[in-house]
Each structure stands twice: as structure tokens, then as C-alpha cells.
Amino acid sequence: MGSVFKFKEFEVNQEGCAMKINTDGVLLGAMVEAQEPIRILDVGSGTGVIALMLAQRFPDAMVDAVDIDETAYQRTEENFKTSRFAERMYARLGDFETMSEQEVYDLIVSNPPFYINALHNPNGRKRLARHTDLDFFKRLLTFSSRRLSSRGTLQLVLPVDLSDELLRYTDENGLILIKEVGIRSFAHTEPIRKIMILGKENLCQQERVDFVIYEEKGVYSKAYQGFLKPFFLGF
């Protein structure tokens, strides 16, 4: 039972998955900004939790999820099939670049596991934006530039160093930064993550805002509770 995480409208079995449900993922799922997307793609789906959150939020959307890890794919597929959104959700095993060229997405999201692992690797702490990390995101930017609808967006949750590095490669792919959310543990601490919203066109002024998780130790902020209330049983 410990491997099953129960949300208000669905359950997620995490057994065997290297990438467990975490704050980064649920914040991305809860904070995604999109206007009635019809097709959504979750790259590096892990347990499928972000895709499930988006299926709950956007009841008219078809949601695809892809992961290169077979266990993650199997868990994603299982979690989709046992949800009430099953008819709108599709899991795929493989690299995101193998997705059908015919599919165009209004929203692409990603919280891939390998850079999270770098945080726990002593050799990776000084420099998160390694070549392998950047190669993945460079490919994801290129893929998104081809596969996003005209007003579609790519939305990512990233370590701060990696997000700053990634901005060097957006222009060459025809993407621009629309919004950046600095995620802080406490109001007085530095950002530990950034949620980035990238698109082909910016319909308003570029926006940079902060988001605080805790009011004090052990007490979630009202903003955090507000975003996660539709999902977490405890709120």
C-alpha cells in the first residue's frame, strides 16, 4: 500500500519507479498555464502523475505520455487504465522523438528524472547543466519547435542553473520565454527550481514571478495549498 499515492480523483502506483512523486512534478502539474489545450504530451512521464493531473484539469484534452524506461512506461500505462480519464490517455515506450510526426500539441510538459539524479550525485552538484542534460533539452527544444501548435507552449520544471543555461538555446529553435516562476522553499531563500513557459509567440510582456512553498517550517503557504487543493486529500 505504501507504493500507492492517493489523490482526490485518481491513484498513482509508484512501485518500481526510479522517479517517485515529488514536489517538482506536482507543482508543474498544478501550475501549468494553458487555454483549453486539445492535445498534451508529457515527456519522461515517470509514474504518469503530471499527465493525470493535466487530464483532471483539462477535461477535453487528449493526453499522451512517453518514457524511455520500461518500468516507468508500465506504471504509467497501469495508472492511466485505472483512472477515470483512461479513454483520453495514452502511454508510449520510447524516446519522445519517435512520436508520430502527425501529432501537433498545444502543450508539452517535462520533469525528466535524470537531472534530478544529478542533485544526489557528488560529481554533479557544482554544475547541473552537464552536456548530457543539455543535449536532452536541446533535442526537446527542437522537437517542440516543430510539434507545438502556433499558440502551444513547452513548460518545464528545472534546477536554476540548468534553466539559465537552457535560455541560450531557445532563439535558435524559434522559441521565446513567456514566463518564469522561481520556486523558493521559503520567502527569504533563493530559488531552488524554475518553472519555464516557452512558446512560439509572446502575446504579452515577459513575466517573472516567485512562488514560495512554505510559510514556515512544516507549514505550507496559502499559494501552495491553493494550487494543490484540487488534488491532495490533505488540503
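Inspection of the range 63-82 finds a residue satisfying the criterion of being farther than 24 Å from Phe136 by Cα and either of a type in the set (A, V, I, L, M, F, W, C) or buried (at least 17 other Cβ atoms within 10 Å of the Cβ) (or both). Taking residues in the range 210-222 that are small (Gly, Ala, Ser), and partners anywhere that are surrounded by 10 or more Cβ atoms within 10 Å (Cβ to Cβ) and in a strand (DSSP E or B), the pairs with Cβ atoms closer than 9 Å and at least 6 places apart or on different chains are Ser221/Phe211; Ser221/Val212; Ser221/Tyr214; Ser221/Glu215.
Applying the criterion of being modelled with pLDDT of 95 or more and of a type in the set (Gly, Ala, Ser) to the residues of the range 200-235, the residue that is surrounded by the fewest Cβ atoms within 10 Å (Cβ to Cβ) is Gly226. Only one of the numbered conditions (1) free of Cβ contacts under 8 Å to residues at least 60 places away in the same chain; (2) surrounded by 12 or more Cβ atoms within 10 Å (Cβ to Cβ); (3) within 26 Å of Phe136 (Cα to Cα) is not met by Phe186, and that is (3).
Of the residues examined, Leu166 is not one that is over 19 Å from the mean Cα position of the chain (by Cα), aliphatic (A, V, I, L, M) and modelled with pLDDT under 95. Mind checking which residues of the range 29-53 are more than 20 Å from Phe137 (Cβ to Cβ), within 10 Å of the chain's Cα centre (by Cα) and buried (at least 24 other Cβ atoms within 10 Å of the Cβ)? Result: Val49, single match.
So in the range 16-28, with the set limited to residues that are among the aliphatic types (A, V, I, L, M) and closer than 19 Å to Arg92 by Cβ, which one is surrounded by the fewest Cβ atoms within 10 Å (Cβ to Cβ)? My answer is Ala18. Checking the structure you have, find out if any residue of the range 98-106 is modelled with pLDDT of 95 or more, crowded, with 22+ Cβ neighbours inside 10 Å and more than 25 Å from Phe5 (Cα to Cα). Yes: one or more hits. Residues that are closer than 20 Å to Phe231 by Cβ and of a type in the set (Phe, Trp, Tyr) within the range 57-80 comprise Phe58, Phe80, listed in sequence order.
I'd like to know if the range 191-199 contains one or more residues that are over 19 Å from Asp161 (Cβ atoms) and without any contact (Cβ under 8 Å) to a residue 12 or more places away in the chain. No, the conditions are met nowhere in the range 191-199. Being over 21 Å from Glu11 (Cβ atoms) and in contact (Cβ under 8 Å) with a residue 24 or more places away in the chain is a property that holds for Val104.
Residues checked against (1) aliphatic (A, V, I, L, M); (2) part of a strand (DSSP E or B):
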{"residue": "Glu180", "(1), (2)": "no, yes"}
{"residue": "His188", "(1), (2)": "no, no"}
{"residue": "Gln205", "(1), (2)": "no, no"}
{"residue": "Asp210", "(1), (2)": "no, yes"}
{"residue": "Ala223", "(1), (2)": "yes, no"}
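Cβ-Cβ contacts under 8 Å between residues 6 or more apart (or on different chains), taken from a first residue in the range 58-86 that is touching a residue at least 24 places away in the same chain (Cβ under 8 Å) to a second residue that is surrounded by 22 or more Cβ atoms within 10 Å (Cβ to Cβ) and charged (D, E, K, R), are listed as Val63/Asp42; Asp64/Asp42; Ala65/Asp42; Val66/Asp42; Tyr73/Asp67; Thr76/Asp67.
Residue-by-condition table, conditions (1) at pLDDT 95 or above; (2) on the phi > 0 side of the Ramachandran plot; (3) in a helix (DSSP H, G or I):
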{"position": "Gly16", "(1), (2), (3)": "no, yes, no"}
{"position": "Lys20", "(1), (2), (3)": "no, no, no"}
{"position": "Val26", "(1), (2), (3)": "yes, no, yes"}
{"position": "Asp42", "(1), (2), (3)": "yes, no, no"}
{"position": "Leu52", "(1), (2), (3)": "yes, no, yes"}
{"position": "Ala55", "(1), (2), (3)": "yes, no, yes"}
{"position": "Asp64", "(1), (2), (3)": "yes, no, no"}
{"position": "Ala72", "(1), (2), (3)": "no, no, yes"}
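Looking at the range 140-150, is at least one residue on the phi < 0 side of the Ramachandran plot, in a loop (DSSP other than H, G, I, E, B) and modelled with pLDDT under 95? Within the range 140-150, not a single residue is on the phi < 0 side of the Ramachandran plot, in a loop (DSSP other than H, G, I, E, B) and modelled with pLDDT under 95.
The values are calculated or read from the model by the stated rules, or taken from the named source; none is laboratory data. Note that the structure is predicted; figures quoted are calculated from it, not measured. Here the Cβ is made from the backbone with ideal geometry for all residues, glycine too, and neighbour counts use every protein chain on show.
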